[in-house]
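What follows draws every value from the coordinates through simple rules; no lab data is involved. Here the structure is a predicted model, which is why all the values come from computation and not from measurement. Note that we place each Cβ from the backbone using ideal geometry, even for glycine, and neighbour counts take in every protein chain shown.
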Amino acid sequence: MLNDELRRILRTMPKAELHIHIEGSLEPELIFELAQRNGVSLAYPSVEALRRAYDFSDLQSFLDIYYAGASVLLTEQDFYDMTAAYLRRAQADNVRHAEIFFDPQTHTARGVPIGTVIDGIWRACQDSPVNASLILCFLRHLSEEEAIATLEEAIPYRDKFIGVGLDSSEVGHPPEKFARVFERARNLGLHLVAHAGEEGPPAYIESALDVLNVERIDHGVRCLDDPELVQRLAREQMALTVCPLSNVKLRVFDVMGDHSLRRLLDAGLAATVNSDDPAYFGGYVNDNYEAAFEALPLDVSHAHQLARNSFAAAFLEPEQKRAYLAEVDNFFRQVP
């Protein structure tokens, strides 16, 4: 049960967010504002009607409305405003470092230049007190050839993103489909992550590790279906970027009380808590912490571990990482 003191700790502890899709932070109010600014007509008559449509049965039903919402993003300023809005929320949640996913193919397919996307997001990150980096994600329902073309198109902006990821519809699109583009990204010195084991089986986690050579697994909650995989993930301290509210909203778990977060921690896994697509799934990172701690047998020691895991799993320089971890430990030393 989440008491007032534990709620205060969760809200005020320093934390990193490692699984946030910036397009998924686009609140209905801003969608309507940008639609008006850009002369884009929406299928929904009001903010309230659009918010009511956020009732998903699975990943695909979410993606359908997600892509529709992204249609209002046309100019560099649009991408700046969306990112700045997220970073203000992150700062309010005491996020000290964020690694932000973006989906260039969602926008280039509509004729928006990739530079417009990257420059708008990146510029907002430079203007925020939250330390933030960008991870370019490939849409896995599209072909690897399209992913390769996207990566090549992004190379002139290589100094503005730190890694590549893999997202969108998981089932039927195993990680090995993208082996060549991940090899190319690795040769460019980029960090590698991939969504695996959300709706897909544990085998997708294994192929993300063994074929794509990723450094972090996004979601990964289905690893518990394979005890040998769990042992491996614990042994290698392979971080999982878990998104509790998203998992419930997309019916990976029926209710938060069924969520595997406590079991992942008990198994020695480097789980972290993140918001995924907060505008669509019911909350930002602190909302995810509070919902999980309300429903599961988690306490202050788990909060400390999750905060540490978030920075330990981040793509930070060693000195920066040590400083953040020390900040976490100092915070929890003050906890009665």
Could you please state, rounded to a whole Å, how far the C-alpha centre of region 204-230 is from the C-alpha centre of region 267-336? 20
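Counting only helical runs of four or more DSSP H residues, what would the 222 nm mean residue ellipticity of the chain come to if each run contributes -39,500 (n - 2.57) and the total is spread over all its residues?
Taking each H run of at least 4 residues, the total per residue is -14500 deg cm²/dmol.
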What FRET efficiency, computed as 1/(1 + (r/R0)^6) with R0 = 22 Å and r the Cβ-Cβ distance, is obtained for Asp329 and Ala267, rounded to the nearest 0.05? 0.40
Modelled label-to-label distance, Ala109 and Tyr67, 7 Å Cα→beta-carbon offset: nm? 0.3
Which values of log₁₀ I(q)/I(0), to two decimal places, follow from the Debye formula for the chain at q = 0.10, 0.13 Å⁻¹ with a uniform point scatterer at every Cα? -0.54, -0.96
For labels at Asn38 and Asp55 in the simple 7 Å Cα→Cβ model, what's the distance in nm? 2.8
With the Cα gyration tensor of region 1-75 in hand, convert its eigenvalues to equivalent ellipsoid semi-axes via √(5λ) and list them largest first in whole Å. 30, 15, 13
A correct fewest-to-most ranking of Thr116, Thr272 by other Cβ atoms within 10 Å would be Thr116, Thr272
Any idea what the dipole of the chain comes to, in debye rounded to 20, about its Cα centre with Lys/Arg Cβ at +1 and Asp/Glu Cβ at -1? 660
Could you work out the Rg to Rh ratio of region 1-130, with Rh taken as the Kirkwood radius (inverse of the mean 1/r over all Cα pairs)? 1.00
Reachable lysines from Lys321, Cα under 22 Å, same-chain residues fewer than 8 places away excluded? Lys15, Lys160
Size-normalised alpha-carbon gyration radius of region 96-245, reference 2.2 N^0.38 Å: 1.04
Going through region 247-336, which trypsin sites (Lys or Arg not before Pro) have at most 15 other Cβ atoms within 10 Å and a DSSP loop state? Arg251
Dipole check, the chain, charges on Cβ (K,R +1; D,E -1), about Cα centroid: among Ala92, Thr75, Met256 the Cα furthest to the positive pole belongs to Ala92
Along the charge dipole of the chain, which of Tyr289, Ile114, Ala49 sits closest to the positive end, that is, farthest toward it, with unit charges on the beta carbon of Lys, Arg, Asp and Glu (+1, +1, -1, -1)? Tyr289
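Could you calculate the FRET efficiency of Arg235 with Asp127 from 1/(1 + (r/R0)^6), where r is the beta carbon distance between them and R0 is 41 Å, rounded to 0.05?
Here the calculated transfer efficiency is 0.50.
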So, in Å, what gap is there between the alpha-carbon centers of region 100-155 and region 163-198? 14
Assuming 0.36 nm per residue, please report the length gained on full extension of the stretch Gln91 to Asp119 beyond their Cα-Cα distance. 8.0 nm
Might you report the magnitude of the Cβ-based charge dipole of region 13-71 about its Cα centre, with Lys and Arg at +1 and Asp and Glu at -1, to the nearest 20 debye? 100
Would you list the membrane-span-like helices of the chain, meaning whole DSSP H runs whose alpha-carbon atoms span at least 20 Å along their axis and whose mean Kyte-Doolittle value is at least 0.0? none
